[in-house]
1. For an R0 of 35 angstrom, estimate the FRET efficiency from the Cβ-Cβ distance between E127 and Y253 and round to the nearest 0.05.
2. Report the gain in length on full extension from R153 to A215: 0.36 nm times residue separation, minus Cα-Cα distance, nm rounded to one decimal.
3. Could you tell me the center-to-center distance, by alpha carbons, between segment 204-231 and segment 36-92 in angstrom?
4. Given (i) 144; (ii) 125; (iii) 111 as candidate values of volume of the Cα convex hull per residue in Å³, which corresponds to the one derived from the coordinates?
5. Can you give me the span-like helices of the chain, meaning DSSP H runs with 27 Å or more of Cα extent along the axis and Kyte-Doolittle mean at or above -1.0?
6. Does a label point 7 Å from the Cα of Q234, set along Cα-to-beta-carbon, have any residues of segment 187-228 with amide nitrogen under 20 Å, and which are they?
7. Would you please give the FRET efficiency between V35 and A8, computed as 1/(1 + (r/R0)^6) with r the Cβ-Cβ distance and R0 = 30 Å, to the nearest 0.05?
8. Where does the longest stretch of the chain lie that holds no trypsin sites (Lys or Arg not before Pro) found in a DSSP loop with 12 or fewer other Cβ atoms within 10 Å?
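Laboratory data are not the source of any read-out in this text; all were calculated from the coordinates shown. This is a predicted model, so every value here is computed, not measured. Ideal geometry is used to build each Cβ from the backbone, glycine not excepted, and the neighbour counts take in all protein chains shown.
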Amino acid sequence: MSAAPSGAAAQDLFRFVLRLGDLSLVLGQRLGEWVGHAPALEEDLGLANVALDLIGQARLLLTYAGEIEAKGRGEDELAFLREHGDYFNAVLAEQPNGDFGRTIVRQVLIDAFQLELYERMATSTDERLAAIAAKSVKEVRYHLRYSSDWLVRLGDGTEASNARVQAALEALWPYTVELFAEDELDRSMADRGVAPRLSDVQAAWSARIDAILAAATLQRPKDRPHAWHGKRGQHSEHLGYILAEMQHLQRTYPGARW
């Protein structure tokens, strides 16, 4: 077993694991908004299953984060009782669902990122993260197959469906910059072998996305400046609305259990 980190190393690992957990948590919450509202029963179930997988990943990661922090906070406290600036998900995950096509575009972009990340993290020097990644990558492969199949159907469908998903791609593309914006924490995790280099993840993600867009007859947008940095706790206003709904029960009835 790998030795438990301590001091500054533990603080860095805690924050890094929160980044991973928050990405799945917030995206899972967003997808949950589709339950009962998807365009067909099959897609209602499909999106719900993906949301459940993401929440399951978040539970594993937030539980581990609480153990690293060693301050008595578990998955529930970390999921529901933090303040707005204490969440570290990429801002792309918190963007509104919009129509079904926009949700699919957002999903493809994040699914491809998580797949490339978790495939590489399955060999992490952190044995706990490696195990979580190995489990999660099986789920994320399905997520990307589901979302990319839909993107191809919409992009290579009617003129109207192509135009709508292309517009969604243009609107959401700038947020992908943050996924690969390497900071000191990312470099530290890579140096320790805990996580892969984001440049390696980006190269593989870019090639995968290009192949999907080609099949969907969609044009890759040009990279543009990105103003938000959720990985540093700087979020769009949309996260506040998500947290208001997500945290309501725990804040109203602290410690409530089903």
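1. Between E127 and Y253 the formula returns 0.45.
2. Difference between extended and current length: 21.4 nm.
3. 24
4. (ii)
5. 7-32, 41-69, 100-121, 127-155
6. 187-188, 223-228
7. Efficiency computed from Cβ-Cβ geometry: 0.10.
8. 72-221
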